[in-house]
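The structure under discussion appears below in the form of structure tokens.
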Amino acid sequence: MHNRMSRNTACAIALAAAMTLLAGCAGNVPQGDAASSADPWEPLNRRIHRGNSNVDRYTLKPLASGYRQAVPNVVRAGIDNFFTNLRSPWYSVNNFLQGKPGPGFSEGGRFLFNSTFGLLGLIDVASEMGLEERREDFGQTLAVWGVPDGPFVVVPFFGPQTFRDALALPLDLFADPLVWYRNSSIRDKLYVLRIVNLRERFLDTGRLLDDAQDPYIRLREAYLQNRRFQIYDGNPPMDDDFYDDYEDDYEDDGANDTSP
């Protein structure tokens, strides 16, 4: 018990140290055309992203590729259902915290039915029963409460985040039921399986990044767009800045058009 709590505490301290490092470097990053308002720490983020990419290239990606080849799709789907089911109680809590009782009860029902009739979550019977999945983490809850995104950051091992979501990471981690499972031998194997299973799901997406002229920019824009989509439950408000830029470009093109 003591070893488990010590490791959990160490994880939280490491995350806090990473956030402190990022915050401390904010004033040292030169501002200019290369620094986006959403990504003022880009030089530091690029270094962390490069380190994460190297770890992925030489460990996670090969493991995920072998996992895809060795494990049948139906088995991988069951494993994915199992780990998703473990998080359902936390999704339920966050739905309630966001003032969404319907999705909160739905996620609670999903956990109940999938854990029993779905063989510990291996089979997603809840979806067949019409209980819609609504994944919500604490970063999304903070967003609903009005906490701004903050700068874009890349966290070691955890990848792209907004600063708000990065600060919410420790609570999301401690809400994971695996953290509190006493059998460390089984727990550690489940952690590895979950990471490899998650990486396998993004193998095809990774090819899109590899083909990009600047993989970092593509990752950043894809993450921020997807995160906005999640926070607004798939219906984000119109981005006025985008349309203002579009209108400016349209007017410039019209001014330069000399055809009769």
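For the stretch 43-202, which whole-number percentage of the solvent-accessible area (1.4 Å probe, protein heavy atoms only) is attributable to carbon and sulfur atoms? Spell out each step's value before the answer.
Working: 5670 of 8360 Å².
Taking all protein chains in place, the stretch 43-202 shows 68 percent carbon and sulfur surface.
Through the Karplus equation 6.51 cos²θ - 1.76 cosθ + 1.60, θ set to phi - 60°, convert the phi angles of the stretch 132-143 into ³J(HN,Hα) values in whole Hz; use x for Gly and Pro.
Values per residue, Gly and Pro as x: 6, 7, 9, 6, 9, 9, 6, x, 5, 4, 4, 5 Hz.
Roll a 1.4 Å probe over the protein chains and send me the accessible area per residue for the stretch 127-223 in Å².
56
Rounded to the nearest 20 debye, what is the charge dipole size of the stretch 99-156 about its Cα centre when +1 sits on each Lys and Arg Cβ and -1 on each Asp and Glu Cβ?
Numbers: 4 positive and 8 negative charges, 22 e Å.
Using Cβ point charges on Lys, Arg, Asp and Glu, the stretch 99-156 gives about 100 debye.
Suppose accessible area is computed on protein heavy atoms with a 1.4 Å probe; arrange Phe158, Phe138 from highest to lowest.
Solvent-accessible surface, decreasing: Phe158, Phe138.
Need one number: nm distance between label points at Leu120 and Arg57, each 7 Å from Cα along Cα→Cβ, rounded to one decimal.
3.8
Please list, by residue number, everything in the stretch 68-106 whose backbone N is under 11 Å from a paramagnetic label point 7 Å out along Cα→Cβ of Asp233.
95-96, 98-104, by backbone N distance to the label point.
What's the local net charge at Arg201, with K and R +1, D and E -1, over the other residues with C-beta under 10 Å away?
Local net charge: 0.
Heavy-atom accessible area of Ile123 with all protein chains present, probe 1.4 Å, nearest 10 Å²?
80
Mind ranking 171-183, 109-121 by how tightly packed they are, going by the mean number of other C-beta atoms within 10 angstrom, highest first?
The packing order, highest mean first, is 109-121, 171-183.
Taking 7 Å along the Cα-to-C-beta vector as the label spot, tell me the Phe105-Arg50 distance in nanometres, rounded to one decimal.
The answer from the label model is 5.4 nm.
Heavy atoms only, 1.4 Å probe, whole protein assembly: order Lys100, Lys189 by accessible area, highest first. Present the calculation step by step, with values, prior to reporting the outcome.
Numbers: Lys100 35, Lys189 135 Å².
Highest to lowest solvent-accessible surface, that is Lys189, Lys100.
R0 = 30 Å: FRET efficiency of Met129 with Val74, Cβ-based, nearest 0.05? Can you show the working numbers first?
Numbers: r = 20 Å, r/R0 = 0.68.
Calculated transfer efficiency: 0.90.
Positive end of the dipole of the stretch 92-248, charges at C-beta (+1 Lys, Arg; -1 Asp, Glu), about the Cα centre: which of Gly104, Gly234, Tyr223 has its Cα farthest in that direction?
The Cα lying farthest towards the positive end belongs to Gly104.
The values are calculated or read from the model by the stated rules, or taken from the named source; none is laboratory data. Note that the structure is predicted; figures quoted are calculated from it, not measured. With ideal geometry, Cβ positions are generated from the backbone for all residues, glycine too; neighbour counts draw on all protein chains shown. Please note that ligands, DNA and RNA were not included when accessible areas were found on the heavy atoms of the full protein model with its side chains. Shrake-Rupley method; radii C 1.70, N 1.55, O 1.52, S 1.80 Å.
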